[in-house]
1. Answer yes if at least one residue in region 19-28 is hydrophobic (A, V, I, L, M, F, W, C), surrounded by fewer than 10 Cβ atoms within 10 Å (Cβ to Cβ) and modelled with pLDDT under 65, and no otherwise.
2. If E36 meets every condition in (1) out of contact with any Ser or Thr (no Cβ under 8 Å at 6 or more places or on another chain); (2) surrounded by 10 or more Cβ atoms within 10 Å (Cβ to Cβ); (3) at pLDDT 80 or above; (4) not in a strand (DSSP E or B) apart from one, which number is that one?
3. Which of the residues belonging to region 39-72 are surrounded by 14 or more Cβ atoms within 10 Å (Cβ to Cβ) and not in a helix (DSSP H, G or I)?
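The values are calculated or read from the model by the stated rules, or taken from the named source; none is laboratory data. No experiment lies behind these values; they were computed from the predicted model shown. All Cβ positions, even for glycine, are placed from backbone atoms using ideal geometry, and neighbour counts span all protein chains on display.
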Amino acid sequence: MKAGPYSVKLWFRVGEELVAGGFSARDAGVFYGVNEVGGVKVVSTVQLYVDLFNHPARGEEASEMVLKALEKQWISGKDRRD
């Protein structure tokens, strides 16, 4: 992977093996409103929706589930970053 201006290197465990991975983003927008889940920083729910919607393999179906969760947050007025 070629490191871009917004690159992240990750280490994660697969069974007993420690594996390196990462990604490079075209802009810093993917890091806007990150959430922390179990001590791990993850993309915002809106970014997850966009990424899934644009994924060719069942992404549209998965993005609909995320959109429903977002709609519930918006209706209730709750923001996960509060």
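1. Yes, region 19-28 has at least one match.
2. Among (1) out of contact with any Ser or Thr (no Cβ under 8 Å at 6 or more places or on another chain); (2) surrounded by 10 or more Cβ atoms within 10 Å (Cβ to Cβ); (3) at pLDDT 80 or above; (4) not in a strand (DSSP E or B), the lone unmet condition for E36 is (4).
3. Those that are surrounded by 14 or more Cβ atoms within 10 Å (Cβ to Cβ) and not in a helix (DSSP H, G or I): V43, S44.
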